[in-house]
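Here the structure is laid out as C-alpha cells; the discussion comes afterwards.
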C-alpha cells in the first residue's frame, strides 16, 4: 500500500473528490474538515503528505502547514485554494515551505496526481539523503577515531624511538670514553 495522505478542506465535496481520486491511485487517505481536526490527526498518526485548503474557519491552511512542518520537517504539503494570487502562491511556496500550490476547482485532475507523486518522490529523496548523510557522518566519526588511534600509536612509537636513540647515543658516548681511556692506558 502506498503512503498515507491527509486531506484538509471545509468543503465536503472537495474532500470526497480528492479522497476518491487518491484512493483509486492506491494511497491511504484520511480526511479532516478543518485545520484543528487535521492537526489532531497529525499528532496521533504520521502522514507523508498533507493536502490543505488555504482559507478555512478555525485554522487556515498556512497555520496547518506551519504546524505540520514543526512536527515533521519531511512531511510534504500541497496547498489548494480558490483565492489564488501570485503573491500568495510565491509566499506559500518559498516562505512557508509548501511543496506546491494548486487552484480550486481542480480543472485538470492529472495536475493533482502529478503534484502528489512529485511531492512524495521529493520526500523519499530527502529522507534517503538524510540517511546517506547520517551514514557519512558515522563513517567519518569512525575514520576520525581510527586516525586518532593511529596518531596515538605513532606518538608512542616515536617516543620509544627517541628513548632508544638516547640510549644508543649514551652507549656510543660510553664506548667512545671507554676506547679513549683504553687507548690512553695502552699508550702509558
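The values are calculated or read from the model by the stated rules, or taken from the named source; none is laboratory data. Keep in mind it's a predicted model, so treat the numbers as computed, not measured. For neighbour counting, all protein chains shown are included, and Cβ atoms are generated from backbone atoms with ideal geometry for every residue, glycine included.
Here are some notes:
- The set of residues in region 20-34 that are assigned to a helix (DSSP H, G or I) and in contact with a strand residue (DSSP E or B) (Cβ under 7 Å, 6 or more places away or on another chain) comprises 22, 23.
- Residues (part of a loop (DSSP other than H, G, I, E, B) and closer than 17 Å to residue 82 by Cβ) located in region 99-116: 104, 105, 106, 107, 108
- Within region 38-65, considering residues that are free of Cβ contacts under 8 Å to residues at least 40 places away in the same chain and surrounded by fewer than 16 Cβ atoms within 10 Å (Cβ to Cβ), the one nearest to the chain's Cα centre (by Cα): 43
- Condition met for residue 139 (farther than 30 Å from residue 72 by Cβ and at pLDDT below 90): no
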